[in-house]
1. Looking at (1) among the aliphatic types (A, V, I, L, M); (2) outside any strand (DSSP E or B); (3) more than 9 Å from every other protein chain (Cβ to nearest Cβ), find the lone condition where B:M96 falls short.
2. Has segment A:171-187 got any residue that is outside the structural domain of A:Y271 (by TED's automatic domain parsing), touching a residue at least 24 places away in the same chain (Cβ under 8 Å) and not in a helix (DSSP H, G or I)?
3. Identify all residues within segment B:222-270 that are within 14 Å of chain A (Cβ to nearest Cβ) and charged (D, E, K, R); write none if there are none.
4. Taking segment B:351-404 as the region of interest, how many residues are over 21 Å from B:P324 (Cα atoms) and charged (D, E, K, R)?
5. Of (1) at the interface with chain A (Cβ under 8 Å from one of its Cβ atoms); (2) touching a residue at least 40 places away in the same chain (Cβ under 8 Å); (3) surrounded by fewer than 22 Cβ atoms within 10 Å (Cβ to Cβ), B:M83 satisfies all except one. Which?
6. For B:P293, work out the one condition from (1) more than 14 Å from chain A (Cβ to nearest Cβ); (2) in contact with a helix residue (DSSP H, G or I) (Cβ under 9 Å, 6 or more places away or on another chain); (3) farther than 22 Å from B:V172 by Cα it doesn't fulfil.
7. Among the residues of segment A:93-135, which ones are over 28 Å from the mean Cα position of the chain (by Cα) and among the basic types (K, R)?
8. Can you name the number of the only condition in (1) in contact with a Lys or Arg (Cβ under 9 Å, 6 or more places away or on another chain); (2) within 11 Å of chain A (Cβ to nearest Cβ) that B:D219 fails?
Amino acid sequence: MKKILFGLLVIAMVLALTACSQDQYEQLGELMGNMSGNIYGIEANLMDVENATNQVDGAVAVDGEGNVTVSLEAKTAQSIVSSVVSVKNSETKIEALKTSLSEPLLGKGATDASKAELKAQITAQATVSKIDTATVAEEKKELAESVNEVLDAVQASLSDNPTKAELATVAVLATLSDAVKNGNEETYKEAGKAAVDALKITTEIGQVDLFANIDLTKLAEMFTKGISRDIARDGEEEQDMLDKFMPVFGDSIPEVLDCLTENEKFTAQRYAKFVMECKAMRASYEMIAKGYNIDVNAQLRGQVAVDSGLTIEDLGHYMIAVMFSAFDSYDEDDAMVPFLELFINGNEELPSNYALIKEFDRDKLPDVTEEGSPYYEKAQAAADSMGANMVDEYNPEEDFSEFFINAVKDSSTIIGKKVNGVLQTIGVILIDSEYEGLLDQVELEETDSAAKGTLMSFLYFL
Amino acid sequence: MKKAIILVLMVLAAFAFVFAADEPPVVYDDINFAFQPTLARYDAMGQSGIALPTRLDSFFTNPANLGVKRGFAVSVPSFSFTMYNIQPMVSDPDAMENFNALIAGDSDAAVPFATKYLENLGSGRNMISKIDIGVALKLGVIGAGTNVQIKLHTLNEGTSVASQNVIPEVNVAQTVGLGLKIIDTDVFSFSAGASISAVYKAYFKGIGGSKILDLIGGDSDPDKVLLWDTPVMGGYAIPFNLGITFGLFEDQLTLSATANNLNGKFYMKSYTGAGYLVNSYFEGTIEVPDDAPVARDSVDFEVETPWTLNFGAAFAPKMNAIQPVITADLIDMFELIKSFNQESFRASDLLLHLNLGAELGLFQIVKARVGVNRGFLSVGAGVWLPFAELDASYGWQEFGEELGDHPVDSFTVKFSIGYDK
């Protein structure tokens, strides 16, 4: 079958193309490409884009004296999210909407006072959307806390001249809040999916595609060809794991750098914005997973039908979201920002590492773990900040993998709840994207649970 | 004892009921599964020409053409091959390097070439290729044709190769048509016709990009994947076409209207694998291997395919040395009329339902063609050889939801052995 198909392919290509030089191929490609445009000169119908932009603009009112009011009741927020999601199937409309939403909410003549008032109003709307965890049902508390955590992060994330995209993102959060207050497991799936689809357009994390340049054959090899299940973190095995991991994702990881920087400079505001977006994305995916409300073992036994339209790219978004939201949750001393600022921007004595990070060559990047490194002090402060807050949940003397496996088994602990929630969400994404086979690749002992299998695969993935 | 046996049987039956599982149907709303044989001349002329009666295969689009131009024509067989997404590959130096290596016999270049091809398919729906093998006969006012068609669709709900799915589709169709010239004068003629097809269709559940690469790289057994490991949906439909044609000036100017793919609902069943589908019709044809998945129960479901209302005009003056032809079709008029009431309707949308084509023949031996298909250019050529015809076409069409989202190019070659003048 393969030979027949390829034979036909070769015949067709040979018929289509005479033996050409590379230059001739390029010329031919250019000629063919010239035929790809619409000769009538008709442009795409962007009425949906205009409608979505108008919905966002409609939430902000400026009176004759320059006073700003922002209104994001449930109905308004829902209209904004629906209108943004309506363009999701058209690449042309998505790009046009992103361009439109990147504009500031206030016009060019706006004063600094108006901009500050707009920022305060948006923050106030976010605060109003918060959920009173004392009054929600027990089963909703976890979701309510994660949504509140995002809403708390809004103020620090806003730029000095808030854009339409930022307001649209807050509207998405308002719909998540409404879903928790008034919804149930059935509506969680729909609300969470709408939020994910909208955030992919309105946020920068939504545009980071971890799988864009993925080498599919290397990904398949990573999970299917006799990988040792030993995930001990000492030198040689860690090197092997990272050497397998890096070629798979290629150029995708440095895309995250652009979310943290402006004009190649890291800023605290960009970091706060990115963290807020990560939290929003994470809360949305976990809301979808909550809609299925089953345990990981049941998922892996194929007893659950998952049909939320999630793809393997969603796993990439979720992994980044979990990583950065977890960093921020544990970093109560806010030590990550000074470290990143030094590492990316440099200072009077140290050069900027922006270009090296973009290139993502592990051999050229400076080491931050050696005591003699100029970055060591700030890196250690960040590690200590996170470690100090993790110590209630994680004993550094304990083997890392055993710690997570025990957390899986006991979901009554704080870390147990978190780990099982993440695993459930990963399981839902993998099943929906029909990659649940990845979960079968890890060698398990007979007494190991399927949940442990998910965990082992997830740890390999990281 | 008897009661105990009955009890055990009842319990076993109950468990069998609990454990028996259905094969869930798979439906792809983004793919139009309507059947139409490959028409290279029609494609080269911007997919226009329903009013043009001068070829054997024209009765597939407008059965009234059987009445306009009666006579004898046969094609035994015709073979066509269409390849999509050629331009992105030709423009990519790495892809062409792998292509040259493949032609030179380096089989290691197959997987990198295929990977690059899958990357270029992008997101949403697309196609890889289409193969059509058919026989057709026109005898007086009756036409008949049998076609076997294989299509490779793709559907990517994400953005990367990792979420790409390839969906093979097979169609076997038998078409019969009748056209009558009801009014025939020197100035004016009126013909009407109908054709009906019996179509059996089977399509696979999407096969993931990584699995496709495994197949190409020889890491998976194609028989196992295609016969047993991939669910298949199979079923039939009996669609029919109606057409009328007005002819002026000895049918040198013709105006037509057609309703195509009426009654286009497919009655489908789900199967655990293609092997089980074949064995359900021809018991025991394919031996089931020991490691094949257990067959689940088939589920009945339906797949709707849209009908279209089309108008066309063709001007083909009867000349000796050169034979010019001009065609213009207004396609999918029912959808256009529905869109008049929508807020998003624009006057320019009318142009998006207009297909134009032109052909210039030389002594009826060599033909050059050009067309515009909803604003996208197409070109083609045809050569008449003794008892054979070779047609080729290249053009673009929109696969995305909105204009400019996802234009895709395709190249078609059709070779027919027979007589068709």
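The values are calculated or read from the model by the stated rules, or taken from the named source; none is laboratory data. Every value quoted in this text rests on a predicted model; they were computed, and no experiment measured them. A quick note on method: Cβ atoms are made from the backbone with ideal geometry, for glycine too, and the neighbour counts reach across all protein chains shown.
1. (3)
2. Within segment A:171-187, none of the residues are outside the structural domain of A:Y271 (by TED's automatic domain parsing), touching a residue at least 24 places away in the same chain (Cβ under 8 Å) and not in a helix (DSSP H, G or I).
3. Residues satisfying the conditions are B:D223, B:K224, B:D229.
4. 4
5. (3)
6. Here B:P293 clears every test but (1).
7. Answer for segment A:93-135, where residues must be over 28 Å from the mean Cα position of the chain (by Cα) and among the basic types (K, R): A:K108, A:K115.
8. Exception for B:D219: condition (1).
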